[in-house]
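Read the structure below first, then the notes.
The values are calculated or read from the model by the stated rules, or taken from the named source; none is laboratory data. All of these numbers come straight from a predicted model, not from anything done at the bench. Cβ sites come from the backbone with ideal geometry, for glycine too, and all protein chains shown count toward neighbours. Keep in mind that these areas ignore ligands, DNA and RNA; they rest on the heavy atoms of the full protein, side chains included. Shrake-Rupley method; radii C 1.70, N 1.55, O 1.52, S 1.80 Å.
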Amino acid sequence: MSDSLNSFVIAQEQLKMAVDKLHLNASVYELLKEPKRSLSVLIPVRMDDGSTRVFSGYRAQHNDALGPAKGGVRFHQDVSMDEVKALAMWMTFKCAVVGIPYGGAKGGVIVNPEELSAAELERLSRAYIQAIAPLIGPEKDIPAPDVNTNPQIMSWMMDEFSMIKQYNSFGVITGKPLIIGGSLGRTQATAQGVVFVIEDLVKKLNINLEGVSVVIQGFGNVGGYTAKILYDKKAKIIGISDVKGGIYNPRGLNPYKVQEHATETGSVVNYRGAKTITNAELLELECDILIPAALENQITDKNAHNIKARYVVEAANGPTTPEADKILEQKGILVVPDILANAGGVTVSYFEWVQNNMGYYWSVEEVNEKLGNIMSQAFHGVYDLYKSRKDVNMRVAAYMLAVKRVAEGMEVRGWISAPHQTKEATRISAR
Ligand code: NAD
């Protein structure tokens, strides 16, 4: 893979930009440019036919200066250590930008889960937890769902860890089913957070959300709920896609009906009353808001010139490459960065962990109210910094706020030598 599409190289570049803008000591970059700890494991799994398949898995803990490391587990055929390291770094800054007391981590297994039976998937999920058990725990590192993992998988993982420890450890994993300590509002939390951010954005821009045209790439947990919540708020969803392709109707799509079709047929494509298009065409549709909600590197220097959206709100992690960022900026397209836009998931994961620790559970209204407050505060912090300076976009502003907080944590813990702060960094923290 070329460096321009290597998510870890991209994450390091984004970090470097923030460190430079903040004029922080070189030691900050040195300590944050690689994960603090990473583990690569081989996972033997007994298949239904009696054979054994050996899977490769990873867990990276990027930084835990501000709290236990936190991040999802991805099951995908393209998982690599570099991808996991990038996602772990983004988690550190995501948690810092919304101000929740966590560091960043991520995990993954190279597997196409569609090829496994339910029983094989359970054995793989349990075996992965056995392999990374020494690294994780409610006070150390707390996994959660990501691409192709869900509450059932979180349940098997929590159960396996509890078996190893010989006591119930609900707080070791978030995104669990409600019956075993999940939080109300967690399943749709990332999407709900994306929508809170969009609501704050349109308010700032004096635009009415009603009738705003939206295109969403990805119709899984994040894309699917984002489409439904925006539809309920009367935004016009004109394009939706999944891994098999996209659908388009300029008059608007009903995502609930699209969901029924996708559940029946396995994809959104061939939905009646819409034109079937490719994912590449979908990204280039004319619309107000484009929401990439699938995977990394979807908007690159190859297609950024053709993006016609006015705003890009990154629900996925790392959907825009740095070259594409520059092109979008030149075209006047505002990008709300992933570490801000999709932080709702980890925020409600944090609420789940707090509730597990207390053994006392909140109503969905309470969860959403707390989520709304956190997302709004983070949005305004980033937006105000972006607006008050002429030399940064929203991504760099978000990184500056986040890196500054993590650096401060590392400094007071004695991990890096003082003084690391310059006037510039101090000025931002005083805002
Ligand atoms: P998911 O597995 O539920 O859904 C992924 C969707 O993307 C599916 O519809 C799939 O068909 C589609 N897709 C996969 N490859 C594609 C491709 N090449 N082109 C177009 N579509 C493709 O995953 P998810 O949990 O919704 O995660 C989506 C993104 O959001 C990822 O970047 C993930 O890291 C990020 N994210 C997820 C959460 C969360 O709470 N689940 C939180 C923060 C960020």
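For the reader, a short list of remarks on this structure follows.
- Subset of segment 106-115 that is in contact with a strand residue (DSSP E or B) (Cβ under 9 Å, 6 or more places away or on another chain) and free of Cβ contacts under 8 Å to residues at least 60 places away in the same chain - its residue that is most open to solvent (accessible area, probe 1.4 Å): 110
- Of all residues in segment 12-70, those that are assigned to a loop (DSSP other than H, G, I, E, B), over 25 Å from the mean Cα position of the chain (by Cα) and without any contact (Cβ under 8 Å) to a residue 40 or more places away in the chain total 3.
- Restricting segment 220-248 to residues that are open to solvent by 70 Å² or more (accessible area, probe 1.4 Å) and of a type in the set (Lys, Arg) leaves a set whose member that is farthest from residue 277 (Cα to Cα) is 233.
- In segment 149-168, residue least open to solvent (accessible area, probe 1.4 Å) [restricted to those that are within 12 Å of the ligand (Cβ to nearest atom) and either assigned to a loop (DSSP other than H, G, I, E, B) or of a type in the set (Gly, Ala, Ser) (or both)]: 149
So that you can scan it fast, the table gives a plain yes or no per residue for (1) under 30 Å from residue 65 (Cβ atoms); (2) at pLDDT 95 or above; (3) buried (at least 21 other Cβ atoms within 10 Å of the Cβ):
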position: 124; (1), (2), (3): no, yes, yes
position: 138; (1), (2), (3): yes, yes, no
position: 170; (1), (2), (3): yes, yes, no
position: 176; (1), (2), (3): yes, yes, yes
position: 179; (1), (2), (3): no, yes, no
position: 192; (1), (2), (3): yes, yes, yes
position: 208; (1), (2), (3): no, yes, no
position: 218; (1), (2), (3): no, yes, yes
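Per-residue answers, yes or no, for (1) more than 16 Å from the ligand (Cβ to nearest atom); (2) hydrophobic (A, V, I, L, M, F, W, C):
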| residue | (1), (2) |
| --- | --- |
| 319 | no, no |
| 353 | no, yes |
| 360 | yes, no |
| 388 | yes, no |
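- Among the candidates 129, 142, 110, residue that is in contact with a Phe, Trp or Tyr (Cβ under 8 Å, 6 or more places away or on another chain), of a type outside the set (Ser, Thr, Tyr) and under 21 Å from residue 190 (Cβ atoms): 142
- Residues satisfying the stated conditions in segment 255-283, i.e. small (Gly, Ala, Ser) and within 13 Å of residue 215 (Cβ to Cβ): 274, 280
- Residue 85 fulfils the conditions (1) open to solvent by 70 Å² or more (accessible area, probe 1.4 Å); (2) part of a helix (DSSP H, G or I) except for a single criterion, (1).
Residues checked against (1) more than 20 Å from residue 213 (Cα to Cα); (2) within 13 Å of the ligand (Cβ to nearest atom); (3) open to solvent by 10 Å² or more (accessible area, probe 1.4 Å):
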{"site": "293", "(1), (2), (3)": "no, yes, yes"}
{"site": "296", "(1), (2), (3)": "yes, yes, yes"}
{"site": "309", "(1), (2), (3)": "no, no, no"}
{"site": "315", "(1), (2), (3)": "no, yes, no"}
{"site": "323", "(1), (2), (3)": "yes, no, yes"}
{"site": "327", "(1), (2), (3)": "yes, no, yes"}
{"site": "335", "(1), (2), (3)": "no, no, yes"}
{"site": "345", "(1), (2), (3)": "yes, yes, no"}
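- Candidate set from segment 128-148 (those that are part of a loop (DSSP other than H, G, I, E, B) and farther than 21 Å from residue 90 by Cβ); member that is nearest to the ligand (Cβ to nearest atom): 138
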